[in-house]
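Single-structure report; data block below.
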Amino acid sequence: MIKIVKPGESYIADRANTSSSSAISAAVAEIIAGVISRGDAALREYTEKFDGLTLENFEKPPSALDAAIREVGSEFVGIMERAAKNIEDFHKRQIREGFIIKQDGGVILGQRIVPLQRVGLYIPGGTAAYPSSVLMNCIPAKLAGVSEIIMTTPPSRSGRDDAGILAAAKIAGVDRVFTIGGAQAIAALAYGTQTIPRVDKITGPGNAYVAEAKRQVFGVVGIDMIAGPSDILVIADETANSILVAADMLSQCEHGEDSAAVLITDSPELAEKVSREIETQLQALPRQTIARGAVEGNSKIIIAESLDKAFEISNELAPEHLEIFLDDPFAYLEKAKNAGSIFLGKNTPEALGDYYAGPNHTLPTSGTSRFSSPLSVDDFVKKSSFTYYTDEALMSASGDVADFAKKEGLMAHALSVLKRDSNRKQPSGVGKQTGEREGDREQ
């Protein structure tokens, strides 16, 4: 049964430590070192060891993606295309332009927004394959203007590729697809091999080994985030339908036994109803064992004194997904300070966000929505500032800059400005050393 927490009792999650163990860290470090030193040969070795397959060619030809489109059928292709359009429509509004500021006196300042050249998408393919993750990762990258999008996904032990993932890659516009999984795929993307090109940034979720590999290669390449277990938090009152609340909570519990679902309500009656309903619905789930592990190990129902208190608790827990399961959800939206993605009202289950609505489903987990954001177009661009001063503008600012540098004890900084002042004030030819030509000071 799910735990019910009454007012005054501790509601802080008592979840298992999800940080990387020393054994996982050491294993990943060894895999990364192998890929760095032996490239494709190491990838083949690890694929045989971990996936039970011998692969000569990792890259899927374009014909394989075309075949996948035919295999999944027109109905599912249509669904993915409609989802892709929704995702594109939402994310295109995130596109930003640089700016230029022209100040009086000859100063020009600005910021350029430049797309990354090449990114790598890691798409899981273990206990469940997620074509939706292909769309959610690739479409923002495309909109950002990334030149080349590389996708890696684990090969199936049956030797048969997941057609949904390959079809999604075709629809989203992935440029190259490689059937490599695990920490070895992350290492290949970060450092490059004879076959797989090095990328500038890696995005996409994965298991503990993939997360640890992303942690270890960060700095060599960029990463989106270290994804933890999935979680959902529902805020509801006595008017909520317990059947729907339980269904929404279980939608995240079936991801893995380390997932978590939390209901916060000011109604003890609803708490009891949802608790019983979760038990009923669990019996019918194909992934019952996984979902039960999440329910009994990490999930809870918290009874709060009021809805205001419910939002205080929610903000402290900082969920990945927050459902405001209330009749007037917009009246409470401003109270939600920490959440990856917010689902408003009783007709907006979290599953809409996973697949179809448009906002990204790659979200900050493990309480990190306190300080981080969903995957977006911004994750696939970088910004550069630029500065231009005329001679007159520098003359006006040089005193302040030099004094500031001297205050910090950085005399070379000050001199880089002051020497321009002295050079400007000297008559032509004055102060030139033997052999110095006119104009040398400007070179």
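The values are calculated or read from the model by the stated rules, or taken from the named source; none is laboratory data. On a predicted model such as this, the values are computed, not experimentally measured, just so you know. Virtual Cβ from ideal backbone geometry, glycine too; neighbours counted across all protein chains shown. Ligands, DNA and RNA are excluded from the accessible area calculation, which covers all protein heavy atoms including side chains. Shrake-Rupley method; radii C 1.70, N 1.55, O 1.52, S 1.80 Å.
Taking each residue of the range 52-63 that is loosely packed, with under 13 Cβ neighbours inside 10 Å and looking for partners that are outside any strand (DSSP E or B) with beta-carbon atoms closer than 7 Å, six or more apart or interchain, yields G52/R157; T54/E48.
Conditions tested, residue by residue: (1) open to solvent by 10 Å² or more (accessible area, probe 1.4 Å); (2) under 22 Å from L116 (Cα atoms); (3) out of contact with any His (no Cβ under 7 Å at 6 or more places or on another chain).
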{"position": "R160", "(1), (2), (3)": "yes, no, yes"}
{"position": "F178", "(1), (2), (3)": "no, yes, yes"}
{"position": "A185", "(1), (2), (3)": "no, yes, yes"}
{"position": "Y191", "(1), (2), (3)": "yes, yes, yes"}
{"position": "V199", "(1), (2), (3)": "no, yes, yes"}
{"position": "G219", "(1), (2), (3)": "yes, yes, yes"}
{"position": "S230", "(1), (2), (3)": "yes, no, no"}
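Applying the set (1) open to solvent by 80 Å² or more (accessible area, probe 1.4 Å); (2) part of a helix (DSSP H, G or I); (3) without any contact (Cβ under 8 Å) to a residue 40 or more places away in the chain; (4) more than 29 Å from R96 (Cα to Cα) to E334 leaves exactly one unmet item: (4).
For the range 371-395, the tally of residues that are surrounded by 14 or more Cβ atoms within 10 Å (Cβ to Cβ) and over 20 Å from L121 (Cα atoms) stands at 4.
The single condition among (1) within 30 Å of G120 (Cβ to Cβ); (2) not in a helix (DSSP H, G or I) that N347 does not satisfy is (1). Answer yes or no as to whether I202 is under 30 Å from Y46 (Cβ atoms) and either assigned to a loop (DSSP other than H, G, I, E, B) or of a type in the set (D, E, K, R) (or both). No; evaluated as a whole, the condition is false for this residue. Outside any strand (DSSP E or B), over 17 Å from the mean Cα position of the chain (by Cα) and closer than 30 Å to Y209 by Cα: is that true of A141 in this structure? Judged against the criteria, A141 is not a match. Could you list, in sequence order, the residues of the range 259-287 that are within 28 Å of the chain's Cα centre (by Cα) and surrounded by fewer than 19 Cβ atoms within 10 Å (Cβ to Cβ)? Within the range 259-287, just R287 meets the criteria. Remark: pairs (first residue in the range 225-240, without any contact (Cβ under 8 Å) to a residue 40 or more places away in the chain; second residue part of a strand (DSSP E or B) and crowded, with 22+ Cβ neighbours inside 10 Å; Cβ separation under 8 Å; 6+ apart in sequence or on different chains) = E238/T265. Taking every residue in the range 301-317 that is on the phi < 0 side of the Ramachandran plot and touching a residue at least 60 places away in the same chain (Cβ under 8 Å) and pairing it with any residue that is hydrophobic (A, V, I, L, M, F, W, C) and part of a helix (DSSP H, G or I), at least 6 positions away or on another chain, the pairs with Cβ-Cβ distances below 7 Å are I301/A271; I301/V274; I302/I313; I303/A271; A304/A310; A304/I313.
Of the listed requirements (1) modelled with pLDDT under 95; (2) open to solvent by 40 Å² or more (accessible area, probe 1.4 Å), N241 misses just one: (1). Taking A129 as the residue in question, decide whether it is small (G, A, S), within 19 Å of the chain's Cα centre (by Cα) and under 26 Å from A42 (Cβ atoms). Judged against the criteria, A129 is a match.
Being in a helix (DSSP H, G or I), out of contact with any helix residue (DSSP H, G or I) (no Cβ under 9 Å at 6 or more places or on another chain) and open to solvent by less than 40 Å² (accessible area, probe 1.4 Å) holds for only one residue in G110, G73, and it is G73. Does the range 47-64 hold any residues that are out of contact with any strand residue (DSSP E or B) (no Cβ under 7 Å at 6 or more places or on another chain) and either more than 18 Å from A169 (Cβ to Cβ) or among the hydrophobic types (A, V, I, L, M, F, W, C) (or both), and which are they? Passing the criteria: T47, E48, K49, F50, D51, G52, L53, T54, L55, E56, A64.
So that you can scan it fast, the table gives a plain yes or no per residue for (1) out of contact with any Phe, Trp or Tyr (no Cβ under 8 Å at 6 or more places or on another chain); (2) over 25 Å from I95 (Cα atoms):
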| site | (1), (2) |
| --- | --- |
| A167 | no, yes |
| F178 | no, yes |
| A213 | yes, yes |
| I223 | yes, no |
| E238 | yes, yes |
